[in-house]
Amino acid sequence: MRIAAVPGAEGGGRLRELDTAGGRGALWRVDDLAGAVADLEHRGEHEPGADPVRWIWADTEQIYPALVKRGVRVARCHDTALVESLLLGYHGRFGEARSLGAAWARLHGRTVPPDLAPGHAAGPAPQPALFEPDRSTLPPGTDRLDALIEVHADQQRRIAEVEHPDRFALLAAVESAGALAAAEMAHAGVPWRADIHDAVLTEQLGPRPPAGARPPVLADLAERISAAFGRTVNPDSPGQVTRAFAAAGHPVPSTRSWVLRRVDHPVVPLLLRYKELARLHSAHGWQWLDTWVSGGRFRTDYVVGGVVSGRWATRGGGALQIPKVVRRAVVADPDWTLVCADAGQLEPRILAAVSGDTGLAAAAGSHDLYARLAGSFGGDRQRAKIALLAAMYGQTSGDAAQLLPVMRRAYPRALDYVDSAAAAGEQGRLVRSWLGRTCPPPLRTGTDDDPGDGDGAQGRDRPDRAARDRGRFTRNFVIQATAAEWALVLMAAVRRDLAGLDTARGTPQIVFFQHDELVLHVPRALADDAVTIVRGAADEAGARMFGHTPVRFPLDVAVVDCYADA
């Protein structure tokens, strides 16, 4: 059963049931949208013969957080904004406006309005207090529910016309499921012990300093760095550091860590330690703790598909880059535990599945893919790993130069797959993931006769360099984007099955998602059930994505009280 929903004033809204052909059925005007959604969701899940509901709405970020705060959970939805973005990208129109108003305008041949940022309303009309401001950008007087139904029907038609409609439909479903999970994770938050975080910072940096001052350990390192250079140097200033190295007879092109490690000077270990601790202080220091942690939870806003490969991003908080030392503060509640699941060697396994290379697929049927490949490299697992990663990332120098020919002879279909993606990228063609997420088209940085910087030869070389760079990007895009899709299918399956666990002891929750890693917060008594769920979801993700395949997608699963111990 599909039901289109739009919020109205004072927490109410309108709902319309859609039949299998997209026709319009019953219309409900409700004073309490959250209550109506909860009732229909319960009926669809628990009444014999009732179809589970798939909610059709314009923007999960606008509607679902308010429902979650009311304790309402929905199983499935179709987010027209996310799906519009996927469809636009499929046709090489990456980055165009994706709101309901933009999609409706394209459908009717009208001027397409730009998208509005989260929190900004589409017009002067008062917005409902329960839900986020209307960002649909529809023209005044346009019925939002009618427009939503039109856009959804058009999206269904467009999905049916792509090269692999079943795959793309799965992509649309799990992208929308990801938006539901993102709202739920933002509401639940990561369990976070502020006292432990403060103790970690004090251990690493010294006592908390006054605002604007360096912590004691950083201040001491700064003095030692100046002493080692024999002159006053601010280690936070790349310009001062590079000038100091030049004066010491060690000119460096930058202050990047990998550049400094090649310099033989006693100041280097001090600078590297300073950079590490300064990053901790700025990214996850006391100010971060005051801003982002409250009530024993760290909450951030996830941006579904925020990276071109389909990986997620966040709006502040650095949730996707929590350093190991800070993870000591992520501690389960009493009588609860964390179930941490991480997919091992995911991208090489994805390459084996999408390329159809029987040799690589056979190796990917084992727990340690690299160990199985080692036979082609004289039994050297490390050389096998270097060769496979070089093939996926386009590395051709160093050890890779000698190892790639071996890789090409042993696993020709896998190499042909990424080589073809690279060639398509260099030629400016669109490149797609397995389910149909599309790499952005090449950027145009100037006219064909733009001479560029420097002499004519350098100018003529610029398009060649840009083409090669894009080829390296698309080579890995087909793998990384497909890995992101696999992770979304995994998360959607885990989320669905967690809802079926006994909740008398509390509601198990996904609280963190990073690339190919999930962290669940569950009652300790349900930990074994949760482990079974995540392992089963990994098998289901492989089957849904690739059908019958010898490739395995094993998970490293840890049941721990502290995230740092995973």
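The values are calculated or read from the model by the stated rules, or taken from the named source; none is laboratory data. What you are looking at is a predicted structure, and each value in this text was computed from that prediction instead of being measured. In this analysis, Cβ positions are derived from the backbone assuming ideal geometry, glycine residues included, and neighbour counts consider all displayed protein chains. Heads up: the accessible areas ignore ligands, DNA and RNA and are worked out on the full protein's heavy atoms, side chains in. Shrake-Rupley method; radii C 1.70, N 1.55, O 1.52, S 1.80 Å.
Restricting attention to the stretch 357-379, which residues are surrounded by fewer than 16 Cβ atoms within 10 Å (Cβ to Cβ) and more than 16 Å from Arg552 (Cβ to Cβ)? Listed by number, the residues that qualify are Gly375, Gly378, Gly379.
Taking the stretch 177-218, which residues are surrounded by fewer than 14 Cβ atoms within 10 Å (Cβ to Cβ) and outside any loop (DSSP other than H, G, I, E, B)? Passing the criteria: Asp195, Ala199, Glu203. Looking only at the stretch 321-376, residues that are of a type outside the set (A, V, I, L, M, F, W, C), free of Cβ contacts under 8 Å to residues at least 24 places away in the same chain and either closer than 13 Å to Ala564 by Cα or part of a helix (DSSP H, G or I) (or both) come to 2 in all.
Residues in the stretch 545-566 that are buried (at least 17 other Cβ atoms within 10 Å of the Cβ), in contact with a strand residue (DSSP E or B) (Cβ under 8 Å, 6 or more places away or on another chain) and assigned to a loop (DSSP other than H, G, I, E, B): Phe553, Pro554, Ala566.
Within the stretch 503-513, none of the residues are charged (D, E, K, R), in contact with a helix residue (DSSP H, G or I) (Cβ under 9 Å, 6 or more places away or on another chain) and farther than 27 Å from Val72 by Cα.
Per the listing Thr337, Thr314, the residue uniquely surrounded by fewer than 18 Cβ atoms within 10 Å (Cβ to Cβ) and not basic (Lys, Arg) is Thr314. If I filter the stretch 290-301 for residues that are outside any helix (DSSP H, G or I), at pLDDT 95 or above and in contact with a Leu (Cβ under 8 Å, 6 or more places away or on another chain), do I get at least one hit? No; the residues of the stretch 290-301 include none that is outside any helix (DSSP H, G or I), at pLDDT 95 or above and in contact with a Leu (Cβ under 8 Å, 6 or more places away or on another chain).
Closer than 30 Å to Lys69 by Cα and surrounded by fewer than 13 Cβ atoms within 10 Å (Cβ to Cβ), is that true of Thr291? When the stated conditions are applied, Thr291 passes them. When the strands (runs of 3 or more DSSP E) confined to the stretch 1-120 are screened for residues that are touching a helix residue (DSSP H, G or I) at 6+ places or on another chain (Cβ under 7 Å), open to solvent by 70 Å² or more (accessible area, probe 1.4 Å) and farther than 21 Å from Ala177 by Cβ, those reaching at least 1 such residues are found at 24-30. In this structure, Asp461 does not qualify as modelled with pLDDT under 95, more than 30 Å from Tyr90 (Cβ to Cβ) and part of a loop (DSSP other than H, G, I, E, B).
The number of residues in the stretch 479-510 that are buried (at least 24 other Cβ atoms within 10 Å of the Cβ) and outside any helix (DSSP H, G or I) comes to 1. Candidates in the stretch 255-278 are the residues that are open to solvent by 60 Å² or more (accessible area, probe 1.4 Å) and free of Cβ contacts under 8 Å to residues at least 24 places away in the same chain; of these, the one that is nearest to Glu223 (Cα to Cα) is Pro269.
Of all residues in the stretch 388-429, those satisfying the criterion of being buried (at least 17 other Cβ atoms within 10 Å of the Cβ) and not in a helix (DSSP H, G or I) are Gly394, Gln395, Tyr411.
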